[in-house]
1. Using a 1.4 angstrom probe and counting only protein chains, how large is the accessible area of Asp310 in Å², to 10?
2. Using protein chains only and a probe of 1.4 angstrom, how many square angstrom of Ile356 are accessible, to the nearest 10?
3. Compute the acute angle (0 to 90°) between the alpha-carbon long axis of helix 167-188 and the principal axis of greatest extent of the alpha-carbon atoms of the chain; round to the nearest 10°.
4. Could you give the length gained by full extension between Asp243 and Leu142, i.e. 0.36 nm per residue of separation minus their alpha carbon distance, to one decimal place?
5. Multiplying the sequence separation of Ala115 and Asp335 by 0.36 nm and subtracting their Cα-Cα distance, what value in nm do you get?
6. What distance in nm separates the simple spin-label points at His85 and Ala284, each placed 7 Å from Cα in the Cβ direction?
7. At 1.4 Å probe size, what's the solvent-accessible area of Arg66? Round to the nearest 10 Å².
8. Just to be sure I follow the rule: in the chain, considering lysines 8 or more places apart or on different chains, how many pairs have Cα atoms under 26 Å apart?
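The values are calculated or read from the model by the stated rules, or taken from the named source; none is laboratory data. Remember, predicted model here, so these are calculated numbers, not experimental data. Cβ: placed from backbone, ideal geometry, glycine included. Neighbour counts: every protein chain shown. Please note that ligands, DNA and RNA were not included when accessible areas were found on the heavy atoms of the full protein model with its side chains. Shrake-Rupley method; radii C 1.70, N 1.55, O 1.52, S 1.80 Å.
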Amino acid sequence: MGREGPLAGITVVTLEQAVSAPMCTRTLGDFGARVIKVENPRGGDFARHYDDVVGGLAAHFVWANRGKESVALDLKSPAGMEVLHRLLDRAEVLVSNLTPGSLSQLGLSVQDLEARHPDLIHVGIDGYGSGGPLSHKRAYDLLVQAESGACAVTGSPGHPAKPGPPVADVSSGLYAALSVMALLYDRERGRRAPASVTVSLFDTMAELMGYPLTYTRHSGVEQQPLGMSSPAVAPYGAYPTADGQTVVLGTTNDREWDRLARELLGRPDLADDDRFRGNAGRVAHRAVLDAEITAWCARHGLADVQDRADAAGIGNARYNTPGEVLAHPQLAARDRWREIDTPAGPVPALLPPPVIDGYDPPMGAVPALGQHTDALLAELGLSEREIAGLRERGAFG
């Protein structure tokens, strides 16, 4: 049997919707924490209803909510709040990403939590952080990616695009999980760390935009998006091959460019051309290099291009669709897929990225709405009569 998870014994209560907070808490659960997901009895997390492709369940929800226990509570009722506070009495962490002002309206502001649960770590994920002109606004992944400039550096000139994965949501969730671990570590050392931390989607995306923001500040140049390329380095991009595939080739320094020109393309004249000796020159003459590489790749099949690139020490990849990634040999050879239970039956799920020697992530089931309510109430020591009383008072909707 594998070792216990690093966060075994830690209980996380979460008031969450959609992606950012669910990714935070799923990550904590992957490291062994117990995650109790408190949901509205009237439909629960709205991500449950985005689609029904996983045997009637939504793909977003199945992806971000494995290994959690679902408790259905009506937090607009005093009885529901009473149960929530009893859960928080036993928890180390509260994670939330409700709309601006919702926690205060529920009596769960930072000051309220400090007074009633002084040892509780609270992580709030919001859209724009407090104290600014946009702080009151709702914030979704696309909206924040647009506001932060990420869409302007994605796509192609005149055709901005949202990066496909929900980068703002996922990255904010991971920063939030990292914050929880840092605060837990501080307390393990006997230090009274701050009990509250906030992570905003906008601040997260501004951080991820570090390179283009720094470049524009100091150059005055608004770099244009380049599709499957990068404004920072050249050559670096996607090229069709003779067999109808697409190879992605990349160089990150002058030595790699020299090898690509001499050993891969067989063009020492390009390697010796003063225009291309430094990266700045190659970026300025990107179109010339792309034309040469495109013509060469069009004469060779994908396997041949990749074999030659590997031999020359040139970074390369195959352009894949999601359907092709499902059958990717790298995932299969490394046994990265597991089966998890869901209300619709078992489905495949990827292991979390961190590989910890001797530790098998729990890969628990995706919960049905309110599935664990009765069990958790019993665990809190409530009798059947007390549970019936709470039900009559509207605790469970």
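1. Spelled out: Asp310, probe radius 1.4 Å, area about 100 Å².
2. Roll a 1.4 Å probe over it and Ile356 shows about 50 Å².
3. Compared with the principal axis, the helix lies near 60 degrees.
4. Working it through step by step, the gained length comes to 32.8 nm.
5. Working: separation 220, 0.36 × 220 = 79.20 nm, distance 4.74 nm.
That pair, Ala115 and Asp335, stretches by 74.5 nm at full extension.
6. 6.9 nm
7. 20 Å²
8. Working: Lys37/Lys68; Lys37/Lys76; Lys37/Lys137; Lys68/Lys76; Lys76/Lys137; Lys137/Lys162.
Number of lysine pairs found: 6.
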